[in-house]
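The values are calculated or read from the model by the stated rules, or taken from the named source; none is laboratory data. The model shown is predicted, which means the values in this text are computed figures rather than measured ones. As a convention, Cβ positions derive from the backbone with ideal geometry for all residues, glycine included, and neighbour counts pool all protein chains shown. These area figures cover heavy atoms from the full protein model, side chains too; ligands, DNA and RNA do not enter into them. Shrake-Rupley method; radii C 1.70, N 1.55, O 1.52, S 1.80 Å.
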Amino acid sequence: MLSLNNISKRYRNFALTGISFDVHDGDYFILLGESGAGKSMVLETIAGLVTPDSGIIQLDGKDISNEKIQNRRIGLVFQDHAIFPHMTVRENIHFALHDSDQPCSERMALVESISGRLNIFEQLDRRPLTLSGGELQRVALARTLIQKPRILLLDEPLNSLDTRLKSELRVLLRQIHREGQTILHVTHDYEEAISLGTQVAVINNGEIIQKGPPGEVFHSPKSEFVARFVGIRNFFPATLFRKNGFVIANIGNNLYFRVVTNEPETEGFVLIRGEDILLSSGPIESSATNNFEGRVLEIVPSINGMEITLDIGTPLHALITPESIASLHIEEGIRLWVHVKATAIRFIPS
Amino acid sequence: MKRFSYINLVFIFLGGLILLFIIAPLLGMVLKTSPQTLFETARETEVRDSIWLTIWTSMAGTLIFSLAAIPLSYLLARKTFPMKRLVTGIIDLPVVIPHSAAGIALLGFVSRDSTLGQMGSMVGLNFIGHPAGIVIAMAFVSIPYLINTARDGFAGVPERLEKAAFTLGASPSRVFFTISLPLAWRNIVSGLILMFARGMSEFGAVIIIAYHPMITPVLIYERFGAFGLKYARPVSVLFIIISLALFITFRWLGKKRIIN
């Protein structure tokens, strides 16, 4: 198990502050954050390339905070692969075995075995300059995995790849994980986190702001940052109170939502998914108990349909199909009705 | 169609003047020297010995001092330390001071009374009037060219490649010899060639340390002083031809090695 306890590091105008998390054996741990959040610095600290100002890094109970990089048994795959350009693929992979006690023939057999596993056997005698991004990524993985690291650190491994290669590499990473490799993977893409991670930690501005299983983090974001980061646009600070047997969330601006929750009267956040919002051109009879009239501010295409931003006293983002846009004749400036079921609204106490 | 620009025309004209300024004196000197005179000069033992002495002393200075200069270049490229700017300035000193003044300074440093001179005397080596003194004088004035070029080479090696090598279990010395040095090699070769070429052409510092044995620049000076332009010119032409041939050969060899 890898444990980070209260790691802090200041570098120029940026600081990692009190970074703590555990990566258990067999975890596929995702560290999720925007560019500049400090993700790569965390990886480099674990690998020993950056010395923390304070805090302890433990691997299998042993303090490795001051251990030499080459003795840490931690493999790091860099974002831009960092393949040695003056060596062939074979020499690159073999580089990691140079100091091993094995005879040369065994080492060469290992290089060929791992290159076959990662589907780069044909490229063994080629120079890195002649390889594609996907092939370079596989070489970087092979070179790191051949050392049999206790923890495999991946710095944005899918970042520079096209959609097809991303999908192929995801399959490969899942396979490597299934074979028992513990992985710590940093990314800015929450879909990567959903598709690969067994544990997630969200980092912002050098601090871990939430961690847990992906389902828990993405369904119950504990801050506006996490909510927005995972694509939830409707996230409002709210005050919960009860009136006439109903549970009401006041989000300010004289806006009240009926919600269904067992939480006591408290401060927290209201979270509404865009796809749970129903739009109509006028008032309708429905099971929705939250009905507002609003003006269309913006219509923007998104991966999952069309995102409509309405002003109901505060901007609210609804996700609908292009067909609905056509049938309701929606355009910027018109007025629409917004309907949200109380059961579709999540209240998260702060 | 390309647009006509007066400023480009002015720049081309000014650039042409500079090229002419460099080529004209050299070409004039070559054209005034007949192949027969050149051949006869090349047969003179004094000239041949002098050219050979110039080549090997400059080569020795370059190779010996590069053993310490290349690691220093690496430190300057990779590490931050107190007074780094001062160190960088000190390295450039030999370029900016008059070379005759450098010769005087070196004379005090290697004379029999100095520590280095006394150490040399213990093993029967007197730097004054000796090829060892020439090596030191040449290296003194030309070493900034190697250090600065190699430093730029090391600075151009992406640091993440060295970091990657560390995470793959390599020791610092292995990282230096297998990653940093090969990737900075193009600049290092350029620096070695520059240092060698600059050492070969040195006159001011060498003449003060060692008038004899005579390196070619000193021989040219002596022939000019004693016999005039007519006798100095063929040696100069011969020296230029050999220097250029060596320069081109080393460049070609360096390039070939880098490609391989």
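One way to sum up the overall shape of segment A:234-349 is the equivalent ellipsoid from its Cα gyration tensor, whose semi-axes run 26, 14, 12 Å, largest first.
Enter the Cα centre distance for the pair segment A:151-187 and segment B:95-137, rounded to the nearest angstrom. Segment A:151-187 and segment B:95-137 have Cα centres spaced 62 Å from each other. Rounded to the nearest 5, the antiparallel percentage of DSSP beta bridges internal to segment A:1-157 is 80%. Packing around the peptides B:157-166, A:141-150, B:59-68, B:220-229, taken as the average count of other Cβ atoms within 10 Å per residue, puts them in this order, highest first: A:141-150, B:157-166, B:59-68, B:220-229. The Rg/Rh ratio for segment B:114-183, using Cα coordinates for both the radius of gyration and the Kirkwood hydrodynamic radius, is 1.26. In this rough spin-label picture, where each label sits 7 Å from Cα along the Cβ direction, the A:T88-A:T51 distance is 4.0 nm. Helices meeting the span-like rule in chain B (full DSSP H runs, Cα extent of at least 24 Å along the helix axis, mean Kyte-Doolittle score of -1.0 or higher): B:6-31, B:45-78, B:131-155, B:229-259. Computed from the Cα positions only, the extents of segment B:1-112 along the three principal axes stand at 54, 53, 26 Å, in decreasing order.
Measuring spread by the Cα atoms of segment B:99-229 yields a radius of gyration and Dmax of 19.9, 67 Å. Between rounded, prolate and oblate, where does chain B land on the alpha carbon gyration tensor, with a ≥ b ≥ c its root eigenvalues, rounded for a/c under 1.5, else prolate if a/b exceeds b/c? It is oblate, given that a/c is not under 1.5 and a/b is not larger than b/c. Were the residues from A:E331 through A:R12 laid out at 0.36 nm apart, the gain over their Cα-Cα distance would be 110.1 nm. For the chain pair A and B, the interface hides roughly 1800 square angstrom of accessible area in total, found with a 1.4 Å probe. Each listed q (0.09 Å⁻¹) maps to a log10 I(q)/I(0) for chain A from the Debye sum over equal C-alpha point scatterers, namely -0.63. Taking the DSSP beta bridges with both ends in chain A, the antiparallel portion is around 75 percent.
For chain A, the membrane-span-like helix rule (DSSP H, alpha carbon extent of at least 30 Å along the helix axis, mean Kyte-Doolittle at least -0.5) picks out no helix; this says nothing about an actual membrane. Shape call for segment B:80-128 from the C-alpha gyration tensor, a ≥ b ≥ c root eigenvalues: rounded (a/c under 1.5), prolate (a/b greater than b/c) or oblate? In terms of gyration-tensor shape, oblate. Peptide A:80-86 has a mean of 5 when you count, residue by residue, the C-beta atoms of other protein chains within 10 Å of its C-beta. Over the C-alpha atoms of segment A:102-160, the Rg to Rh ratio, Rh being the Kirkwood estimate, stands at 0.98.
Over the protein assembly as shown, DSSP H runs of length four or greater, each weighted -39,500 (n - 2.57), average out per residue to a 222 nm ellipticity of -15000 deg cm²/dmol. Pairs of Cα atoms in the protein assembly as shown fall into 10 Å distance bins, from 0 up to the last occupied one, in shares of 3, 12, 16, 15, 14, 13, 11, 7, 5, 3, 1, 0, 0 percent.
Across segment A:1-115, Cα-Cα distances exceeding 19 Å account for 56% of all pairs.
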